[in-house]
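The values are calculated or read from the model by the stated rules, or taken from the named source; none is laboratory data. Here the structure is a predicted model, which is why all the values come from computation and not from measurement. Ideal geometry is used to build each Cβ from the backbone, glycine not excepted, and the neighbour counts take in all protein chains shown.
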Amino acid sequence: MFDFKNAEDFKEKCGYEIDSRWYPRVTQIIGIKAKPALYYYYGEAPSYKAAQEMTQKSAEEGTLVHEIVQKIMVGDAVEIPESIRPAVVAYQQFIETKNIQVDREYVEKRIWHPTQRYAGTIDGLALIDGKFGVLDIKTSQAVYRDYNLQTSAYMEALRPELPSLETRWILRIDQIHTCLACGATMRPKGGRNKIRRGRKTPCAEHSWSDLTGVVELKEFPFWKDDFEAFLGAKKLWEWEHGHWLKNIGYF
């Protein structure tokens, strides 16, 4: 949760100014929802400061993957940092195999809903297996249900402009080490080295593979109920920040 110095600080951190009108940001709105897994992670950490540092480092690594992948999407030449090379190479191989076609015009594009009043920046739109939809990139360790709130807001905002839009996908890009003996995995993102058990009996001492890229694509075609939940989150977010919203003339 942000601490705001003044109204302008609130506006800058929580939304976008578009055509002389301010819109709250989709990611800020859905941030109002409780995140039990994140709380558990903080509880497991050696200290609150350590958890914050790992979270910040993880976010920076995720942003770097996003930036490189989006450059590839629009056809720019890129130099892939060694720290994320396995993840990016796995992405390149995956989109080639799946023949995923990305609309370059909509990569990292700002969108907004003038009547429901929110804005966001989409990762891209894509044609996959003959279907056209929103493509959202994540660098998390799993595909979480919360992502559906974000993509439903994008779907609703884009539908008037793009009636052919019919679905949405989460494309998860990650990298892990795998134990060659028991199949356990170790995820080094953020410096945490999170280990998950494999199917076999865990080893006394793991023998880790080289870092390997992981790509997972999940489709979520039914988005209307998710959008209703997003509007509920927006109402709660507006209630939580009522002081600032009144101050800037939002209401």
Problem - Matching residues, the stretch 13-62, being surrounded by 15 or more Cβ atoms within 10 Å (Cβ to Cβ) and outside any helix (DSSP H, G or I) - result: GLY15, TYR16, TRP22, TYR23, PRO24, ARG25, GLY31, ILE32, ALA45
Problem - Filter result for VAL107 (within 29 Å of PRO36 (Cβ to Cβ) and either at pLDDT below 95 or in contact with a strand residue (DSSP E or B) (Cβ under 9 Å, 6 or more places away or on another chain) (or both)) - result: no
Fill in the blank from the handout: Going through the stretch 63-84 in order, the residues found to be surrounded by fewer than 16 Cβ atoms within 10 Å (Cβ to Cβ) and either touching a Leu at 6+ places or on another chain (Cβ under 7 Å) or among the small types (Gly, Ala, Ser) (or both) are GLY75, ALA77, PRO81, SER83
Fill in the blank from the handout: Apart from one, (1) surrounded by fewer than 18 Cβ atoms within 10 Å (Cβ to Cβ); (2) not in a helix (DSSP H, G or I) all hold for GLY232; the odd one out is (2)
Problem - The listed residue being free of Cβ contacts under 8 Å to residues at least 12 places away in the same chain, surrounded by 15 or more Cβ atoms within 10 Å (Cβ to Cβ) and not aromatic (Phe, Trp, Tyr), out of ILE195, ILE128 - result: ILE195
Fill in the blank from the handout: Over the stretch 156-184, the set of residues of a type in the set (A, V, I, L, M, F, W, C) and part of a strand (DSSP E or B) is TRP169, ILE170, LEU171, ILE173, ILE176, CYS179
Problem - So ALA87, is it over 17 Å from ARG187 (Cβ atoms), of a type in the set (Gly, Ala, Ser) and either free of Cβ contacts under 8 Å to residues at least 24 places away in the same chain or crowded, with 17+ Cβ neighbours inside 10 Å (or both) - result: no
